[in-house]
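Report on the structure given below.
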Amino acid sequence: MASRTPSHLSLAVVLALTAAIGPFSLDAYLPAFPAMAESLGVSISDVSLSVSVYIFTMSIGQLIGGPLSDQLGRQKIMFSGLILYSVASLLIWQSEQLESLLAFRALQAFAAGWTLVSVPALVRDRVQGVEAARLFSLIGLIMVVAPGIAPTVGGLLLSLGGWSFIFLFLALYALLVIPLLKLVAFKKAGAAPKGAPGPKVNILKRYAQVLATRQALPFLFWQAASFSVLMIFVTHASFVYQTHFGANEHTFGLLFGANVIVMLIANLTNRSLLERFGSRRILRGATCIQAAAIVVLILASVFDAGLYVFLPAMMVSIGMVGAIAPNIQATFIEYFGVNSGTAAALLGASQFGIAGIVSALSSRLPTSVTAVVLAMAACSAITLCMLVLSLRQERAAA
């Protein structure tokens with residue numbers, strides 16, 4: 001019997017629902033920071049450390065899970081990660097001290113790393129080139145809803161049963177993803193799909209093979225720096241909008257979700273322009289637009305221009321991730337016909353690891369919006385440096 005590959009739409013939906021664990025884990029509990037701080041008897045800054053712990057530990061999970069998915073197969077790694085993620089979420093649900101919450105948050109992040117690292121590898125297993133970019137963009141289009149609705153969902157759960165209900169929701173969500181993946185991404189077929197168990201190769205050797213591809217390396221730091229812009233905002237969003245601008249938890253959800261508008265526009269525009277311009281040109285344009293928007297943010301914060309100027313500039317700064325992320329993923333993963341899981345792990349680990357460190361360091365910034373925006377600007381400057389470096393490498397190879 002001939003194998004039947006799931007349609008791009010159904011595959012994109014299921015992979016997007018899987019990948020949505022990332023933004024839900026980060027964004028759903030943001031409105032609960034004040035309630036968590038009061039419940040645990042700590043400061044909001046202490047609670048925000050859980051964001052950095054999650055991001056950094058997820059990178060470790062990806063570094064281990066990626067090569068294992070190349071060797072043992074995507075299904076075993078993804079399902080193991082989802083089950084462990086659910087257990088960790090239930091443990092957080094019952095946590096009553098900051099120390100235990102941070103420990104279980106690290107376990108949750110490690111498990112999420114195992115799950116999320118296989119998503120881009122599964123895309124690379126099935127399609128390449130512009131088709132891969134389209135599928136990444138389609139996943140991103142569906143996923144863009146998650147960070148927009150996550151704070152609203154978190155606020156609703158907070159009002160229904162307190163902050164711990166948010167983590168109960170995450171536990172159930174992870175368990176529900178498993179049968180969907182089984183039915184669509186890992187549906188039995190006559191021929192063994194790519195991403196099935198591969199040859200046993202030392203993990204360090206797999207990473208050495210990936211790192212030897214020098215033309216791909218700028219995209220690692222490009223992604224990490226662009227994602228750091230987003231994560232600095234996420235880490236300080238509660239302070240910026242609730243403390244500085246005085247928004248309540250429900251208004252905060254709307255302000256935070258406003259970024260989704262531009263992310264959606266950027267993603268849709270990206271999909272329509274891929275055939276004409278290709279991933280690289282769109283990536284460069286989106287990076288420059290993000291940098292320009294951050295310049296406006298600097299001016300708005302320095303001159304205290306108010307929310308009516310600050311919010312649109314922040315929407316563009318964060319929204320450009322909707323075009324930057326899928327094009328970096330498609331461009332980077334295209335270099336690796338083999339070891340795609342390891343390559344995805346390195347991309348994800350550099351993204352979350354570096355952003356986790358940057359996020360943790362940013363939590364010690366002076367409590368001012370200007371300091372937050374300047375930290376975002378520093379990361380944006382690195383993306384521009386990577387843009388220039390990639391152009392030089394292309395010209396040298398031509």
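Computed from the coordinates by the stated procedures, all read-outs in this text should not be read as laboratory data. Just so you know, these numbers come straight off a predicted model, no measurement behind them. Counting neighbours? That spans all protein chains shown, and the Cβs are built from the backbone with ideal geometry, glycine included.
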- Query: Where the Cα atoms of the stretch 230-389 are projected onto their three principal axes, how long is each span, largest first, in whole Å?
  - Reply: 50, 32, 31
- Which is the longest run of the chain containing none of the trypsin sites (Lys or Arg not before Pro) found in DSSP loop states (not H, G, I, E, B) with at most 15 other C-beta atoms within 10 Å? 5-186
- Item | Cα-based equivalent ellipsoid, the stretch 78-141: semi-axes from gyration tensor eigenvalues, Å | 33, 11, 8
- Note on the structure: In Å³ per residue, the alpha-carbon convex hull of the stretch 151-303 encloses 213
- Most fluctuating residue of V240, V117, V309 in a GNM of the chain with Cα springs under 10 Å: which is it? V309
- Message: What three numbers, in Å, describe the spread of the alpha carbons of the stretch 119-159 along their principal axes, ordered from the longest?
- Response: 45, 15, 7
- Query: Given C-alpha coordinates of the stretch 200-243, what is the ratio Rg to Rh with the Kirkwood estimate of Rh?
  - Reply: 1.31
- Query: Anyone know which of A360, A330, A305 comes out most mobile in the 10 Å Cα GNM of the chain?
  - Reply: A305
- Query: In debye to the nearest 20, how big a dipole does the chain give about its Cα centre with +1 on each Lys and Arg Cβ and -1 on each Asp and Glu Cβ?
  - Reply: 1660
- Mean-position separation - Cα centroids, the stretch 101-126 and the stretch 353-391, in angstrom: 24
- Item | Radius ratio Rg over Rh of the stretch 346-398, counting only Cα atoms, Kirkwood formula for Rh | 1.13
- Mind checking which of G113, G155, G65 has the largest fluctuation in a GNM of the chain, springs on alpha carbons under 10 Å? G155
- Note on the structure: Taking Cα pairs closer than 8 Å and at least 6 residues apart, the relative contact order of the chain in percent is 29
- Per q in 0.11, 0.16, 0.23, 0.26 1/Å, what log10 I(q)/I(0) does a Debye calculation on the alpha-carbon atoms of the stretch 1-71 return? -0.47, -0.78, -1.05, -1.13
